[in-house]
Amino acid sequence: MFALLLIIFVMILFMNSSYIGRKLYPIYFQQEIKQSAAKHNIDPFLIAAIIRVETNYKYHLQSSKGAIGLMQLMPDTADWIVESSNLGPHTQEDLLRVDVNIYLGSWYLNWLIKHYNGNLVYAIAAYNAGQGNVNKWKNNGVWDGTEGNIRDIPFGETRHYVQRVLYYYEKYTKLYTDQWNGVAMSSYKEALD
């Protein structure tokens, strides 16, 4: 009897693997992510992956280095984003607001992707290590910005960060594309071409 129940459970698990997968890999703040993704022409699953790795959807966090909110923005970076995008004034407390943090983080991610001519891997690394470091690695031939050579990233934390973001990005794309009406990276890639 136990074996039969186990077989039935495993069959149900495989039949509903997307359902189970979405329970194991949830995306919170979907509306805010979708809105910022549309506004900044970024794949929402990339935004979700960065949030997952940065804070696991805990919006109230502040890092020991001073990064704030879901997408862990440094206050100086947030000030630069606000100034560059002609947004109204903000306070540091605004960075704890889910909608503001995702909006600013998405704007910055879009800027990084453009800065690196569409190279997502460079952009993800720069989101973590800073553009200065990534530019040095790029210009000095330390790392070529490819996924296959992530092992060449000199900072272990950034190497691990990029791998994790790419893992969740792929996972979210597989699990949620159908549910999110076919939203996927292809639309972003087409916009770059």
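The values are calculated or read from the model by the stated rules, or taken from the named source; none is laboratory data. Everything numeric in this text was worked out from a predicted model, so none of it was measured. Positions of Cβ are backbone-derived with ideal geometry, glycine not excepted, and every protein chain shown enters the neighbour counts. To get the accessible areas, we keep the full protein, side chains included, count just its heavy atoms, and leave off ligands, DNA and RNA. Shrake-Rupley method; radii C 1.70, N 1.55, O 1.52, S 1.80 Å.
General observations
- Residue-normalised accessible area of the chain, expressed per residue, 1.4 Å probe, Å²: 56
- Using the Cα coordinates of the chain, the gyration tensor eigenvalues translate into equivalent-ellipsoid semi-axes of 31, 21, 17 Å, sorted from longest to shortest.
- Charge dipole (debye, nearest 20) of the chain; +1 at Cβ of Lys and Arg, -1 at Cβ of Asp and Glu: 500
- Net charge of Cβ neighbours under 14 Å - reference GLY21; Lys, Arg +1; Asp, Glu -1: +3
- Pairs beyond 22 Å (Cα-Cα), from LYS114/LYS136; LYS39/LYS136; LYS39/LYS65; LYS34/LYS65; LYS34/LYS174; LYS23/LYS171: LYS39/LYS136; LYS39/LYS65; LYS34/LYS65
- Sequence of THR146, THR77 from largest to smallest accessible area, 1.4 Å probe: THR146, THR77
- For the chain, the longest principal axis of the C-alpha atoms and the axis of helix 98-115 are separated by about 70°.
- Candidates LYS171, LYS34, LYS136: whichever shows maximal mean-square fluctuation once the chain is modelled as a Gaussian network with Cα springs under 10 Å: LYS136
- The chain - percent of accessible surface contributed by carbon and sulfur, probe 1.4 Å: 53
- Peptide packing for 47-54, 137-144, 115-122 was compared via the average number of neighbouring C-beta atoms within 10 Å per residue; ordered from the highest value, the list is 47-54, 115-122, 137-144.
- Sequence-ordered 3J(HN,Hα) estimates for segment 48-63 from the Karplus curve with 6.51, -1.76 and 1.60 and θ = phi - 60° stand at 4, 5, 5, 4, 4, 6, 5, 9, 6, 6, 8, 6, 9, 6, 9, 7 Hz, glycine and proline given as x.
- In a simple Cβ point-charge model (Lys, Arg +1; Asp, Glu -1; nothing else charged), segment 107-158 has a dipole of about 160 debye relative to its Cα centre.
- Between the listed residues PHE29, GLY69, ILE8, the Cα displaced farthest toward the positive end of the dipole of segment 1-134, a dipole computed from Cβ unit charges relative to the Cα centre, is found at ILE8.
- Residue-span extension gain [GLN35 to GLU147] - 0.36 nm each, minus C-alpha spacing: 37.5 nm
- For the chain, the longest principal axis of the C-alpha atoms and the axis of helix 156-176 are separated by about 50°.
- Between helix 2-15 and the chain there is an angle of about 40 degrees, using the helix long axis and the longest principal axis of the Cα atoms.
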